[in-house]
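Please read the structure below before turning to the comments.
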Protein chains: 12
Amino acid sequence: MASVARVTTITSRSEQSFEDAIRQGVQRVNETLRGVEGAWVKDQVVNIADGAITSWQVTLEVTFVLDGAHGDASSD
Amino acid sequence: MASVARVTTITSRSEQSFEDAIRQGVQRVNETLRGVEGAWVKDQVVNIADGAITSWQVTLEVTFVLDGAHGDASSD
Amino acid sequence: MASVARVTTITSRSEQSFEDAIRQGVQRVNETLRGVEGAWVKDQVVNIADGAITSWQVTLEVTFVLDGAHGDASSD
Amino acid sequence: MASVARVTTITSRSEQSFEDAIRQGVQRVNETLRGVEGAWVKDQVVNIADGAITSWQVTLEVTFVLDGAHGDASSD
Amino acid sequence: MASVARVTTITSRSEQSFEDAIRQGVQRVNETLRGVEGAWVKDQVVNIADGAITSWQVTLEVTFVLDGAHGDASSD
Amino acid sequence: MASVARVTTITSRSEQSFEDAIRQGVQRVNETLRGVEGAWVKDQVVNIADGAITSWQVTLEVTFVLDGAHGDASSD
Amino acid sequence: MASVARVTTITSRSEQSFEDAIRQGVQRVNETLRGVEGAWVKDQVVNIADGAITSWQVTLEVTFVLDGAHGDASSD
Amino acid sequence: MASVARVTTITSRSEQSFEDAIRQGVQRVNETLRGVEGAWVKDQVVNIADGAITSWQVTLEVTFVLDGAHGDASSD
Amino acid sequence: MASVARVTTITSRSEQSFEDAIRQGVQRVNETLRGVEGAWVKDQVVNIADGAITSWQVTLEVTFVLDGAHGDASSD
Amino acid sequence: MASVARVTTITSRSEQSFEDAIRQGVQRVNETLRGVEGAWVKDQVVNIADGAITSWQVTLEVTFVLDGAHGDASSD
Amino acid sequence: MASVARVTTITSRSEQSFEDAIRQGVQRVNETLRGVEGAWVKDQVVNIADGAITSWQVTLEVTFVLDGAHGDASSD
Amino acid sequence: MASVARVTTITSRSEQSFEDAIRQGVQRVNETLRGVEGAWVKDQVVNIADGAITSWQVTLEVTFVLDGAHGDASSD
């Protein structure tokens, strides 16, 4: 019974848009974690140089289910 | 004199983007409420399944004017 | 037994003062809701034009009791 | 497609416990609203008289789905 | 000298009560982490279907000591 | 006219449950203060040792009325 | 050297206005505490009965200096 | 097109009342800034000496429009 | 050594999208300030008229470096 | 069994540093209260005159145990 | 009568310590602003490279008095 | 391209000072994590026994870059 989940925080940065940053962050997390269920957008920031926006950056709180069969509570 | 307004909270979900979710939520609210003036984006969340984003979800605090002639303070 | 209450949010605007705005908001809510018990002042704003304050505006969280005999949980 | 939901705030009071107050609040809301999906416990308070706890009171933010076929965005 | 600790966030869900959800979450964390010292209840939510509460869910911030001899700062 | 009240903060710990901790905290406060009217649950924490919950701890903001005849504004 | 101050929280209620409630709360505190320096308005609430405002209530965080010669850190 | 506005923070103090402090703060800001549109009351404090309120002080977040023709983004 | 930076708050409004509002706000700030390094999205609001979104508005906290050679700490 | 504790708020000011202010505040509190267990640094402020820092000021939330044998719940 | 003050936000960075960063930030502000009265420490951050702390950074909200004779409400 | 970072929370305790606690916490994290970039000081607490400060404790939110070549999103 998958009743326990973990929440982990990441930041992700894109040259395109906030939504691209979210997509890339979610994709990166999926490479190493199973059972990712959702992400809350905690912060949105733009980085600027020479008067132009150089990147769109988000902080995400990602939730993923811990399955009972594996000991990955120790993984984040 | 329309000096009193109501604030109501909704969540809206789109398969496209946060802005599409906002547009759909505003449209849905306009079907039943008159005098909608604005909405504050309180939260942004993405839902994820099998490693892909399945929906973009926003929580909105919607403000709409109560006109004096009608008793719709009881409507939300 | 009146043990369940509703909380609804309004904004109210007066040309006189914050307290007049609160009085007018409470009066407007009483026209359509029974059992209003109290209001919390969540925010206070002044609107300004040509260097003068044109209105005093408050956001109120209004609490009113739901009586058991009526189905007005659906009213707000 | 049920992609828009409403969030409404109630307070509920029980002589037994916080969990009984939550159960009673959820039950009361279900009498007049369809599609209730969940509730977030925003606050917990105990009322006291003559040195004894007389009631356990919770504030809940209740979410319920608006179905497309009905105009109940105006209901709360 | 055990002077550095980690804080990790989990959610846990029970069909019984919030306290059962806390107990199950603590038990699950103890399967993979040593040195768990405490947990702060960050949020409490009930999930509802067909008018009944189906689960009691808590979000916990769990603190556990990092012992000097092991490199488990990389475990969460 | 009892129109002024004091608010004081306590923490209380029980081996049983959060509600037992609240009951014990309220009882302890009543030993030395008259006119206690209510308490807001500000925080809930569990302490853990050897993988088991050893105590349930709450932080309470307790309100009590100051009666006009006594100078106990100086007591807390 | 008066370098340590205490902060205590009170609520005060007036039938007239928020400012009258503040004045009465400050006056009541001055009866039992010396060295009161200021108060921050933490919350403003109106109580309502039969559609009319019955009282204006404020929560104040009051700061008062502890003088070195007296042991009134134990007074609040 | 005046689509960009600035937000600046001031504190203002009056011997009379909070509303007089707001009026004086708004008037002072209007002496040097054009296009002031509104102000949010962020904090309210009273200063006290010898048991009496000596001043009513507010912190305001003032919004004013930046017009395209002038370089006053550099002014605050 | 550019070790001191300023933070200023603006709001920016676009008829297109939040990201266009951010781009326009950043561009407007760059006309009068040198050394802009980044911006945090503090709030997102949509304005609505006749049932349609008329503008997408953001509040930004903009950070820009103060260089040692110039006295522009007085500019904002 | 020392299971109930009190939390009280103080401010403390030093001409040297924040840490000296904390040390002095803790020392002052220990003169009149037994059982002090810890303090949370809630705020840090510097006071400035003629371009120089004149004092370092902290606000502390101090926790101290109430022992069962004494009636000092009334002391703060 | 100097009853109106301005609040401005800066960040300051030092290779030594947080307190050195505060001192440098205050000194830098005093070069261009008169009447600086105090600063609130809003945030504290350390920057790290190759496993070592490279700088201690603070965000300060600085308050300075606006004197009546000058038009420097436009300066920040 | 290292565009995704992780944020993890630790507490660290020193007998000397807050800054020593920060240094020790950063050093401990660097033993097991590569790419640590910064840390935000979330909380500062002192522990007290027999009237003396026994330790200075900080809570830090530590950010470290995830490099593309390794699967250490699972490490924390």
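The values are calculated or read from the model by the stated rules, or taken from the named source; none is laboratory data. Computed from a predicted structure; not experimentally measured. For neighbour counting, all protein chains shown are included, and Cβ atoms are generated from backbone atoms with ideal geometry for every residue, glycine included.
May I ask you to say which residue of H:Val65, H:Val58 is surrounded by 15 or more Cβ atoms within 10 Å (Cβ to Cβ) and under 21 Å from G:Ile22 (Cα atoms)?
H:Val58
I'd like the full set of residues that are in contact with a helix residue (DSSP H, G or I) (Cβ under 8 Å, 6 or more places away or on another chain) and part of a loop (DSSP other than H, G, I, E, B), limited to the stretch I:40-58.
Listed by number, the list holds a single entry, I:Gly51.
When you go through F:Glu37, F:Glu31, F:Glu61 one by one, which is the residue that is assigned to a strand (DSSP E or B) and facing chain J (nearest Cβ under 10 Å)?
Checking each option against the conditions leaves just F:Glu61.
Suppose the filter is more than 11 Å from chain K (Cβ to nearest Cβ), more than 26 Å from G:Val36 (Cα to Cα) and among the β-branched types (Val, Ile, Thr); does H:Thr54 pass it?
For H:Thr54, the condition - more than 11 Å from chain K (Cβ to nearest Cβ), more than 26 Å from G:Val36 (Cα to Cα) and among the β-branched types (Val, Ile, Thr) - is not met.
Is it the case that J:Val7 is modelled with pLDDT of 95 or more, buried (at least 21 other Cβ atoms within 10 Å of the Cβ) and either closer than 17 Å to F:Leu60 by Cα or not basic (Lys, Arg) (or both)?
No: the conditions fail for J:Val7.
Could you list, in sequence order, the residues of the stretch B:8-33 that are among the basic types (Lys, Arg) and in contact with a helix residue (DSSP H, G or I) (Cβ under 8 Å, 6 or more places away or on another chain)?
Passing the criteria: B:Arg13, B:Arg28.
Counting only residues that are of a type in the set (Gly, Ala, Ser) and touching a Lys or Arg at 6+ places or on another chain (Cβ under 7 Å), which one in the stretch F:15-58 is farthest from D:Ile48 (Cα to Cα)?
Filtering first and then ranking leaves F:Ser55.
What are the residues in the stretch H:15-28 that are more than 27 Å from K:Leu60 (Cβ to Cβ) and either in a helix (DSSP H, G or I) or facing chain K (nearest Cβ under 7 Å) (or both), if any?
So in the stretch H:15-28, the residues more than 27 Å from K:Leu60 (Cβ to Cβ) come out as H:15-17, H:19-20, H:23, H:27.
Hits for the stretch H:15-28 are H:Glu19, H:Asp20, H:Arg23, H:Gln27.
Yes or no, residue by residue, for (1) aliphatic (A, V, I, L, M); (2) surrounded by fewer than 21 Cβ atoms within 10 Å (Cβ to Cβ); (3) under 17 Å from G:Ala21 (Cβ atoms); (4) over 11 Å from the mean Cα position of the chain (by Cα):
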{"site": "H:Ser14", "(1), (2), (3), (4)": "no, yes, no, yes"}
{"site": "H:Ser17", "(1), (2), (3), (4)": "no, yes, yes, yes"}
{"site": "H:Ile22", "(1), (2), (3), (4)": "yes, no, no, no"}
{"site": "H:Gln27", "(1), (2), (3), (4)": "no, yes, no, no"}
{"site": "H:Trp40", "(1), (2), (3), (4)": "no, yes, no, no"}
{"site": "H:Ala49", "(1), (2), (3), (4)": "yes, yes, no, yes"}
{"site": "H:Ala52", "(1), (2), (3), (4)": "yes, yes, yes, yes"}
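Can you spot a residue in the stretch A:63-76 that is at pLDDT 95 or above, in contact with a strand residue (DSSP E or B) (Cβ under 7 Å, 6 or more places away or on another chain) and among the aliphatic types (A, V, I, L, M)?
no
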